[in-house]
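> One structure follows; several queries about it will come next.
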Amino acid sequence: MAPSAQTTGTLIHFPRADLRGLLGAAMKRHRLPETLAHALVRDAAGFPDISADAALAFALDQRMTAAPLDLDKARGILLVGPGGSGKSAVAAKIIHAARLNGRRTELMRADGGLALFRSRTSPPDLLTVMEAEGFNPLNARAASAFSALGDIDGVETIGVVSALSDAEDVADIVTAFRFRRVIVIHMDRTRRLGAALAAITGGARLAHVTHGPRPEDSLDTLTPGMLAALLLDISAH
């Protein structure tokens, strides 16, 4: 007869078989890409003697890197994402947060802002936030064009990804556009985190996630522990 789950405080300890089943069900519920789901379950199941959320957090920690924006030092931020991904909302949040830090900011079209950086005439004390035109994620030429923009001195290209998107599509976009850092939006509008997981475990560092459409809604950070709790539908500790 299989041993029953043991509870210590608020943490539930599962035997190996039960842990695999619990994690596998969570990955399916959140519609993770199959390869990623299998890898996370495999790695987390290697720690059957700790809580399920701690085991999953360890597996996530091997695949995600938090890298919040430094709004005190950033000079140029170029937001890139598919059409309708939410770049304008993210730009407004960045500008709002930077102004709270005392920064002088300006929102510009990508072509005009990038021209200033190419000519080295952008004021050094100014944070310029730029929105690239939305692209069709199926357009291979767009990937090549946008990836080249990340080589302009003083400008960092940030991918904007919606948590409402298909997880497999998001994984393909992050890979094709070689995003170094991403912001995941619409976290408050979905119960499935497959797209968010695909974005932040596909090689890009996680800058922020957002939970609201207003400029004053914060740019939040997300740790492996917090993400594991969300995936397992338990309260983050």
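Derivation of every value follows stated rules applied to the coordinates shown; laboratory data play no part. This one's a predicted model, so the numbers in the text were calculated from it and none came from an experiment. Glycine gets a Cβ as well: all are built from the backbone with ideal geometry, and neighbour counts include every protein chain shown.
> Cα to Cα, under 24 Å, and not fewer than 8 places away if on the same chain: which lysines meet these conditions relative to LYS73?
The reachable lysines, counting only those whose Cα sits under 24 Å from LYS73, are LYS87, LYS93.
> Further, regarding this structure: Under a crude label model (7 Å from the Cα following the beta-carbon direction), how far is ARG205 from LEU164 in nanometres?
According to this spin-label approximation, the distance is 3.0 nm.
> In whole angstrom, how long is each semi-axis of the equivalent ellipsoid of the range 46-139, when you take the square root of 5 times every eigenvalue of its Cα gyration tensor and sort them from largest down?
35, 19, 12
> Eigenvalues of the Cα gyration tensor times 5, then square-rooted: what semi-axes does that give for the range 178-222, in whole angstrom, largest first?
The equivalent ellipsoid of the range 178-222 has semi-axes of 18, 13, 7 Å.
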